[in-house]
Amino acid sequence: MAEFDLTRRMAPFLDLHLVIPLLEFIEPRQIFDNDSMTEIHRQVLRKTRLVDSLKNTYPEDAVPEEVSIRRAQTLEELEELKTQADAVIAILETESVRDFIESTRDRDSNQKILDFLISNHGFKTEMLDVLFKYGKFLYECGNYNYASIILFHYKNLIPQHDPNFLGALYGKLASEINLQEWEHAKEDLLKLRAYIDSNPFDSEWELIQQRAWLMHFSLFVYFNYAKGRDEIIELFLNQQPYLNAIQVACPHLLRYLAVAVVTSKNKQKNSLKDLIKVIDIERHNYSDPVTDFLTSLYIKYDFDDAQLKLRQCEGVLSNDFFLTACLDDFRESARLLTFEMFCRIHQCISIDMLAQRLNMKKEEAERWIVDLIINYRIEGAKIDSKLGQVVMGVKTSNIHEQVMESADRLTKRAQALTLQTEKVRSDRGRAAQ
């Protein structure tokens, strides 16, 4: 399963504090060498201020001296920043300030709050830098709860064009993710998306990169609440700018989109065709057992290969941080899709044969198929009890539909090529500098 692990591909799009949970998930599954995983974990921790976590990766009698020295330096720096920030926090926590912030909700609220603080509480603009440094340091030390509070205050005081505004949005979102406060994280994700979509960036490639970052952060949120998979479909598939970003910068996200579509009870029927088009376009750039299963089923019509890929999917999902909880839903939905497609291709199929394949008695298999048709609304399916067959009506598309689908597929491919060209130009520009 090591060849299908996406941690290495996803890490460049995540904050280091969000990479750590992925590493902690993988390590006990032993799909990589233990010593290598431990060393990678240490390398990531060294780039943060999670000194105690780094210390715990060593045997008690083998902790390097540099770790102890760094711990002492971190505590000293934290105390110094706290001393500087205490006066700022004291102002922000006064009752009159809290009331004013709560009552100020218009578009220019940040500047109004800052003006109020300067005029009435002796607030100085240099205090903003103190607040940001303190919030950032708290986050780096793993104090996500307090970091979230500080960064919330900070982003309420600075304008959106401030160079630290985007960092504060990401820091607040990452804090809520680490705290597993999913409702707050969802709100922060929407605010981050609104800012990114306003396009304050210098180039199209930077905008694409930010959308790619946002989608990776969103996986933590969307796979942790009931309707999250539908939200993934809406963002990753139905919003063309974000689909373009996937195709150009991070096609591995197709795995998560595919699982979301297959397991969605609300959007599967309407989204499956569009998903297959994207997978078909991108299968030479990215594939794994999840996307290959859909390719075998809907493009190659190879049921033997689809069955093989489905078995591989179980290993992939069980070893994926975001998808392990989706395994049962995916297995059941994929089995239903396979059944439906098999019947559609063959138009009619003997219930006796299905019962044999499903290891059921004929009567039991017939009841199962009837429930399947009713509960999952399989279009065109009916039972012919006299002949002992499942009959599937064939839905044919007219010439107009075929032309429209081809045009849509070509348009999406052209957009992807345009963005790829922009990426190459951007890379060449940076290299020239």
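The values are calculated or read from the model by the stated rules, or taken from the named source; none is laboratory data. Treat the numbers as computed from the prediction; the structure is a model and nothing was measured. All Cβ positions, glycine included, derive from the backbone under ideal geometry; neighbour counts span all protein chains shown. We work out accessible area using only protein heavy atoms, side chains counted, and drop any ligands, DNA or RNA first. Shrake-Rupley method; radii C 1.70, N 1.55, O 1.52, S 1.80 Å.
Which shape class, rounded, prolate or oblate, goes with region 123-211 when its Cα gyration tensor gives a ≥ b ≥ c as root eigenvalues, a/c under 1.5 marks rounded, and past that a/b bigger than b/c marks prolate?
Oblate, since a/c reaches 1.5 and b/c is not below a/b.
Where Lys and Arg each count +1 and Asp and Glu each count -1, what net charge lies around Phe293 among other residues with Cβ under 10 Å from its Cβ?
-1
Would you work out which of Cys326, Thr295, Val391 lies farthest towards the positive end of the dipole of the chain, given +1 charges on the beta-carbon of Lys and Arg and -1 on that of Asp and Glu, about the Cα centre?
Going by the charge dipole, the pick is Val391.
To the nearest 20 Debye, how big is the dipole of region 146-218 about its Cα centre, given +1 on the beta carbon of each Lys and Arg and -1 on that of each Asp and Glu?
100
With only Lys, Arg, Asp and Glu charged, each at its Cβ (+1 for the first two, -1 for the last two), find how big the charge dipole of the chain is about the Cα centre; round to the nearest 20 debye.
1520
Roughly speaking, what is the stretch gain from Tyr58 to Gln307, that is 0.36 nm per residue apart minus the C-alpha to C-alpha distance, in nm to one decimal?
So the chain would gain 85.3 nm between Tyr58 and Gln307.
Taking 7 Å along the Cα-to-C-beta vector as the label spot, tell me the Asn120-Asp352 distance in nanometres, rounded to one decimal.
8.6
At 7 Å along Cα-to-Cβ for each site, give me the label-to-label distance between Leu190 and Thr38 in nm.
For Leu190 paired with Thr38, the spin-label model returns 4.6 nm.
With a 10 Å radius around each residue's Cβ, average the other Cβ atoms per peptide and rank 263-269, 167-173, highest first.
So the peptides 263-269, 167-173, ranked by packing, come out 167-173, 263-269.
Please report, in debye to the nearest 20, how large the charge dipole of region 217-316 is about its Cα centre when each Lys and Arg carries +1 at its beta carbon and each Asp and Glu carries -1 there.
260
Could you tell me which of rounded, prolate or oblate describes region 214-275, using a ≥ b ≥ c as the square roots of the eigenvalues of the alpha-carbon gyration tensor, with rounded for a/c under 1.5 and, failing that, prolate when a/b is larger than b/c and oblate otherwise?
Oblate is the answer for region 214-275, as a/c is 1.5 or above yet b/c matches or exceeds a/b.
In nm, give the distance between the simple-model label positions of Gln73 and Phe25, each being 7 Å from the Cα along the Cα-to-Cβ direction.
Rounded to a tenth, the inter-label distance reads 3.3 nm.
His41: accessible area at probe 1.4 Å, nearest 10 Å²?
Accessible surface of His41 is approximately 20 Å².
Can you show me the helix-derived [θ] at 222 nm for the chain, built from DSSP H runs with n ≥ 4 at -39,500 (n - 2.57) apiece and divided by the number of residues, rounded to the nearest 500.
-22500 deg cm²/dmol
Cys343 accessible area, nearest 10 Å², 1.4 Å probe?
0
Which FRET efficiency, nearest 0.05, do Asp384 and Ala325 yield, Cβ-Cβ r, R0 51 Å?
0.85
Identify, among Leu131, Gly171, Phe32, the residue whose Cα sits farthest towards the positive end of the charge dipole of the chain, taking +1 on the Cβ of Lys and Arg and -1 on the Cβ of Asp and Glu, with the dipole about the Cα centre.
Positive-end residue among those listed: Phe32.
Taking the chain as the reference, fit the longest principal axis to its C-alpha atoms, fit the long axis of helix 65-92 to the helix C-alpha atoms, and give the angle between the two in degrees, 0 to 90, nearest 10.
Its long axis makes an angle of about 80 degrees.
If you count only protein heavy atoms with a 1.4 Å probe, what accessible area per residue comes out for the chain, rounded to a whole Å²?
Roughly 53 Å² per residue, with all protein chains present.
Summing +1 for each Lys or Arg and -1 for each Asp or Glu, what net charge is found among the other residues whose Cβ lies under 10 Å from the Cβ of Ile26?
-3
State the extension gain, in nm to one decimal, for the chain segment bounded by Asp99 and Ser318, taking 0.36 nm per residue of separation less the distance between their alpha-carbons.
Extra length from Asp99 to Ser318 when fully extended: 74.0 nm.
Tilt of helix 268-282 relative to the longest C-alpha principal axis of the chain, in degrees (0 to 90, nearest 10)?
80
How do the peptides 3-11, 365-373, 32-40 rank, highest first, by the average count of neighbouring beta carbon atoms within 10 Å per residue?
365-373, 3-11, 32-40
If one takes the longest principal axis of the Cα atoms in the chain, at what angle in degrees, from 0 to 90 and to the nearest 10, does the Cα axis of helix 254-263 lie?
Here the helix axis deviates by roughly 60 degrees.
With a 1.4 Å probe and all protein chains left in place, how much of the accessible area of the chain comes from carbon and sulfur atoms, in whole percent?
48
What residues qualify as long-range amide H neighbours of Phe123, i.e. H under 5 Å apart, gap of 5 or more or another chain, H built at 1.01 Å from N?
Under 5 Å from the amide H of Phe123: Ile118.
At 0.36 nm per residue, and after removing the present C-alpha to C-alpha distance, how many nm does the segment from Lys227 to Asp86 gain when stretched out fully?
Gain in length upon complete extension: 46.7 nm.
Å³ per residue of the Cα convex hull, for the chain?
In the chain, the Cα convex hull volume per residue is 194 Å³.
Within region 323-352, name every residue whose backbone N is under 14 Å away from a label modeled 7 Å from Cα of Val391 along the Cβ vector.
Only 347-351 fall inside the zone, counting backbone N under 14 Å.
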